[in-house]
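*Asks:* Starting off with a structure, shown below.
The values are calculated or read from the model by the stated rules, or taken from the named source; none is laboratory data. Quick caveat: nothing in here was measured; it's all calculated off a predicted structure. Neighbour counts run over all protein chains shown; Cβ positions are idealised from the backbone, glycine included.
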Amino acid sequence: MADGKVLVVIGGTSGIGREIARRAAETVILSGRDTGHAQQVAAEIGGDTTGIAVDLSGPAGLAGQLSGVDRVDHLVLTGMARDQNTVGTTSPPRLPW
């Protein structure tokens, strides 16, 4: 997954998401619930890795946080909203890419 590709890992601050972000040989945007923790993990991984916080409790969370990203080649979703009762009751966000 190299060649200037952009990988977004939702839930990339721990577990399988963190390992996917760590092994990626490309630009990585990883997210978690806490900006500071996401940035710390991104710094530990190094390379062209950025850490952001994403609120997955509503459909605007992901789209809002990634609004400045020009393109996404791979999207890995390993995280989820804490309130699982909302899953399936909202429409997915419309992403520009």
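*Asks:* Does segment 35-53 hold any residues that are within 14 Å of S14 (Cα to Cα) and in contact with a helix residue (DSSP H, G or I) (Cβ under 9 Å, 6 or more places away or on another chain), and which are they?
*Replies:* Listed by number, the residues that qualify are V41, A42, E44, I45, G51, I52, A53.
*Asks:* Of the conditions (1) surrounded by 14 or more Cβ atoms within 10 Å (Cβ to Cβ); (2) under 14 Å from the mean Cα position of the chain (by Cα); (3) modelled with pLDDT under 90, K5 satisfies every one except a single condition; which number is it?
*Replies:* (2)
*Asks:* I've got another one for you. If I filter segment 8-51 down to residues being among the hydrophobic types (A, V, I, L, M, F, W, C) and loosely packed, with under 15 Cβ neighbours inside 10 Å, which single residue comes out as modelled with the highest pLDDT?
*Replies:* Of everything passing the filter in segment 8-51, A43 is modelled with the highest pLDDT.
*Asks:* Which of the residues that make up segment 52-63 are farther than 12 Å from L77 by Cα and either buried (at least 22 other Cβ atoms within 10 Å of the Cβ) or more than 13 Å from the chain's Cα centre (by Cα) (or both)?
*Replies:* S57, G58, P59, A60
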